[in-house]
1. Condition test on residue 206, is it crowded, with 22+ Cβ neighbours inside 10 Å and either farther than 27 Å from residue 113 by Cα or touching a strand residue (DSSP E or B) at 6+ places or on another chain (Cβ under 8 Å) (or both)?
2. Search segment 15-25 for residues being out of contact with any helix residue (DSSP H, G or I) (no Cβ under 6 Å at 6 or more places or on another chain) and surrounded by 15 or more Cβ atoms within 10 Å (Cβ to Cβ), and hand back the single one that is modelled with the lowest pLDDT.
3. Kindly indicate whether residue 113 is under 21 Å from residue 246 (Cβ atoms), surrounded by 13 or more Cβ atoms within 10 Å (Cβ to Cβ) and outside the structural domain of residue 220 (by TED's automatic domain parsing).
4. Right, residue 179: under 20 Å from residue 245 (Cβ atoms) and touching a helix residue (DSSP H, G or I) at 6+ places or on another chain (Cβ under 7 Å) or not?
5. Has segment 79-86 got any residue that is free of Cβ contacts under 8 Å to residues at least 12 places away in the same chain and either at negative phi or assigned by TED's automatic domain parsing to the domain that holds residue 189 (or both)?
6. Would segment 252-259 turn up any residue that is surrounded by fewer than 19 Cβ atoms within 10 Å (Cβ to Cβ), in contact with a strand residue (DSSP E or B) (Cβ under 7 Å, 6 or more places away or on another chain) and outside any helix (DSSP H, G or I)?
7. Take residues that are touching a residue at least 40 places away in the same chain (Cβ under 8 Å) and assigned by TED's automatic domain parsing to the domain that holds residue 41 and tell me which of the strands (runs of 3 or more DSSP E) falling wholly in segment 130-245 contain 2 or more.
8. crowded, with 19+ Cβ neighbours inside 10 Å and modelled with pLDDT under 95: is that true of residue 83 in this structure?
């Protein structure tokens, strides 16, 4: 087995290999070429520093490394069926950590799906420690809304992509790599809504509106009860986008999460964020 740089392979090869690693994965996450290219662009994934494990010209596994501000992010780590029980996962982890050392990075991040014990144990083996549990939530389209909420709204302001980025850069809570402002700056055509309540509560949501789905949802409450204001913001959002399915990634289990639930979101699965100093 040897490790090769991921930029030695085409995106078609990387996509095929990635999908093979997820054949029996806990949460199906199929990828196509366009989505993988977008993923690498949005999350600053460096294919030069990402690894492919190869034996006799057969790809056994892959692991990708995002790089930002002296920090690294391990993502899309997976082993193909042909590479299992051969130490492929360990080889990839060592290759990614070595790449981080060569770039003088100071820390590494990753997320593992809760319940994926083999991967979780592998990351612990290499010195990663749990920092927090994060929720991936979904909401199906529905026609009914809590109409009483609209009586509480004083003002709604619609903002564009540039305004959305300004809002995101002033967040109080620490975002996860997926939700960092650097990631969302790389997303095209974000939208935002500022919502003010008659009782003085205020907050905003940034999001990307696709034809069938709302994604990249970030809610911030600046004044007022976090649950009440979050529910109001999301109710306004979904009243404007009645037909789209919605996904909100890497939420913390806090008072805002209660607002998400009141607005119709449910817990799809959870990730465990882990970090390691270098």
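The values are calculated or read from the model by the stated rules, or taken from the named source; none is laboratory data. Just so you know, these numbers come straight off a predicted model, no measurement behind them. Backbone-built Cβ (ideal geometry, glycine too); neighbour counts: all protein chains shown.
1. For residue 206, the condition - crowded, with 22+ Cβ neighbours inside 10 Å and either farther than 27 Å from residue 113 by Cα or touching a strand residue (DSSP E or B) at 6+ places or on another chain (Cβ under 8 Å) (or both) - is met.
2. The selected residue is 22.
3. yes
4. No; evaluated as a whole, the condition is false for this residue.
5. Yes, because at least one residue in segment 79-86 is free of Cβ contacts under 8 Å to residues at least 12 places away in the same chain and either at negative phi or assigned by TED's automatic domain parsing to the domain that holds residue 189 (or both).
6. yes
7. Because the criterion is at least 2 residues that are touching a residue at least 40 places away in the same chain (Cβ under 8 Å) and assigned by TED's automatic domain parsing to the domain that holds residue 41, no strands (runs of 3 or more DSSP E) in segment 130-245 meet it.
8. The answer is yes for residue 83.
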